[in-house]
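Asks: Sharing a structure with you now.
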């Protein structure tokens, strides 16, 4: 199976479950080369599940995921390893190894996948640290960094191999507004400087509107809309407007069902 | 009343079935984990640097604990044997009795228990926290094999370290026995040493080596797999999950170690 030349990611009819619970319900999704795509949605909407499936960390119930012409659902270990060398992932909490210094964490992919000498690897590590405004922090342990610094260090590790495709999970979560803006600018800088395709999973509206070329919004395991920032803002979908205007969901409450739920603990 | 009793009994039987399924699943996972880890020996280059780091943590840093516990274990065994043997006028056998019990049995078991206490629990907690903090997902995404990079060096270091630590435990235990028997209670040092040299045969030493090798394998594979499968096996996540996994790892590795001890003893005696 191959994706079209224009698209670097193609997800078709993706259905996933956690046990008996269905999480994604027939997702169709594609990302063009060089774009910044933001995936949004509330808690439990399935955005992190979609991300984990694109990273081939989970196996779907059905459907296909093609990334850079590789069918990641059916790919063997070797093909997947090759594909992953072209991908970078920045995890929500950084996911740095606590037993290593920041510098050792960042240079790890280079040490494993290239035959560069240690001096060149050190220079490349410092270059990425400079890019993330973390120059001079390479000898510190991850426990000595703040939340924002951890995310930037995680991002430095994700881009150390100059990947074609970068996934970023919740870049702004838990950060102060200034640090969040700095990270948004860093994402834009990375796309422009390194021509990366970037997938960002977030629930921060301001950040999404600033960085996205297109936004995909998920609700209850289905895609509600995919469009540019203006298209999202002008959407007539009540759920989208509720999200943009930070209005609570207007859920119809059946009195009998509510009493049953309270007394029996079952739906 | 009878209905209530029947319902409760049925629930208990069902629960028993669940526990049985859990045990079978857990054993299967342990087997798959061990196979996956050892298969990396011929799939990738030997992880020398990481193994040396782990040898330092599992082996070298456990030496002081092994020496102290070995010394006191030898001293207390010598004291007990002295008290028994003197009643039969066979105190000359003290060196042989101390050495035999240490080399065949107490040395491997006590050294393994010390490794479980110091290394096994710490390793399981470390691996569990790595799982909680998505560090294994990060390794997968960086195309770095977790079994090769994290698991194999720890397993190899344990397999190498435990027999060496056992040898040190035995040596210091015999030293402790000498102090109590010869220096404190006045047993003839010639009888102590010659009796020991005459009684201990190569098969006794070989049994200790086989046991300690297998103990290293069992302890580390249980502790690593309990941490690695934390997200599957533990009902609660976070700190509680890590704490439960660590407790289970310590208990299971100790019980399995004693089970292996019996099997090896019954095969080699």
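Asks: Counting alpha carbon pairs within less than 8 Å and at least 6 residues apart, what relative contact order, in whole percent, applies to chain A?
Replies: Reported relative contact order: 23 percent.
Asks: What angle do you read, to the nearest 10 degrees and between 0 and 90, between the alpha-carbon axis of helix B:152-178 and the longest principal axis of chain B?
Replies: 20
Asks: Can you tell me the orientation of helix A:118-131 relative to chain A, as the angle in degrees between its alpha-carbon axis and the longest Cα principal axis, to the nearest 10?
Replies: 50
Asks: Another question, then. How would you classify the protein assembly as shown from its alpha-carbon gyration tensor, with a ≥ b ≥ c the square roots of the eigenvalues: rounded for a/c under 1.5, else prolate if a/b is greater than b/c, otherwise oblate?
Replies: prolate
Asks: Which value, in Å to one decimal place, does the Kirkwood hydrodynamic radius take for the stretch B:141-206 when every pair of different Cα atoms is included?
Replies: 15.2
Asks: Compute the relative contact order of the stretch B:89-212 as a whole-number percentage, counting only Cα pairs closer than 8 Å that sit 6 or more residues apart in sequence.
Replies: It comes to 59 percent, rounded to a whole number.
Asks: Moving on. Within 10 Å of each Cβ in A:89-99, how many Cβ atoms from other chains are there, averaged over the peptide?
Replies: Per-residue shielding by partner chains comes out at 5.
Asks: Determine Rg/Rh for the stretch B:48-268; Rg is computed over alpha-carbon atoms and Rh is the Kirkwood hydrodynamic estimate from the same atoms.
Replies: 1.09
Asks: Which whole-number percent of Cα pairs in the stretch A:1-79 have a distance greater than 21 Å?
Replies: Within the stretch A:1-79, distances greater than 21 Å cover 25 percent of Cα pairs.
Asks: Among B:174-183, A:25-34, how do they line up by average Cβ neighbours within 10 Å per residue, starting with the highest?
Replies: B:174-183, A:25-34
Asks: Here's something else I'd like to know. What distance in nm separates the simple spin-label points at residue B:247 and residue B:266, each placed 7 Å from Cα in the Cβ direction?
Replies: 3.1
Asks: Go through B:187-194, A:12-19 and give me the packing order, highest mean Cβ count within 10 Å leading.
Replies: Peptide ranking by packing, descending: B:187-194, A:12-19.
Asks: Need one number: nm distance between label points at residue A:80 and residue B:19, each 7 Å from Cα along Cα→Cβ, rounded to one decimal.
Replies: About 3.6 nm, to one decimal.
Asks: How many nm is it between the label spots at residue B:10 and residue A:146, if each spot is 7 Å from the Cα in line with the beta carbon?
Replies: Output for this residue pair reads 6.0 nm.
Asks: Would you mind checking the tilt of helix B:121-132 against the longest principal axis of the Cα atoms of chain B, expressed as 0 to 90 degrees and rounded to 10?
Replies: For helix B:121-132, the angle is close to 10 degrees.
Asks: Would you mind ranking A:117, B:22, A:184 by Cβ crowding within 10 Å, fewest neighbours first?
Replies: A:117, B:22, A:184
Asks: Once the piece of chain linking residue A:242 and residue A:173 is laid out straight, how much longer is it, given 0.36 nm per residue of separation minus the C-alpha distance between them?
Replies: 22.8 nm
Asks: Please report the base-10 log of the normalised intensity I(q)/I(0) for the stretch A:127-242, using a Debye sum with one equal scatterer per alpha carbon and no solvent, at each q in 0.14, 0.23 (1/Å).
Replies: Result of the Debye calculation: -0.63, -1.36.
Asks: Here's a follow-up. I'd like to compare B:124-134, B:233-243: which one has the highest average count of other Cβ atoms within 10 Å, and what's the full order after that?
Replies: Answer by packing, highest mean first, reads B:124-134, B:233-243.
Asks: Stokes-Einstein at 37 °C, 0.692 mPa s, Kirkwood radius from Cα pairs: D for chain A in µm² s⁻¹?
Replies: Result for D is 165 µm²/s.
Asks: Then there is this: Counting just the Cα atoms, what span does the stretch A:65-151 cover along each of its three principal axes? Round to the nearest Å and put the largest first.
Replies: 42, 31, 24
Asks: If you don't mind, another one. Please report Rg over Rh for the stretch B:39-97, where both radii come from the alpha carbon positions and Rh follows the Kirkwood definition.
Replies: With Rh from the inverse mean 1/r over Cα pairs, Rg/Rh is 1.38.
Asks: Ignore the peptide's own chain and count Cβ atoms of other chains within 10 Å of each Cβ in B:195-207; give me the average, rounded.
Replies: Counting Cβ atoms of other protein chains within 10 Å of each residue's Cβ and averaging gives 0.
Asks: Still on this model: Once fully extended, how much extra length lies between residue B:92 and residue B:35, figured as 0.36 nm per residue of separation less the alpha-carbon to alpha-carbon distance?
Replies: The span from residue B:92 to residue B:35 would gain 15.6 nm if fully extended.
Asks: In addition: At 222 nm, what value in deg cm²/dmol follows for chain A if DSSP H runs of at least 4 each add -39500 (n - 2.57) and the sum is divided by all its residues, to the nearest 500?
Replies: It lands at -11500 deg cm²/dmol.
Asks: Oh, and also: Residues of the stretch A:106-142 with the amide nitrogen closer than 19 Å to a label point 7 Å from the Cα of residue B:45, along Cα-to-Cβ, please.
Replies: Hits in the stretch A:106-142 for residue B:45 at 19 Å: A:107-122.
Throughout, read-outs are computed from the coordinates displayed, never taken from laboratory work. Since we're looking at a predicted model, the values are computed, not measured. Reconstructed Cβ throughout: ideal geometry from the backbone, glycine too, with neighbour counts over all protein chains shown.
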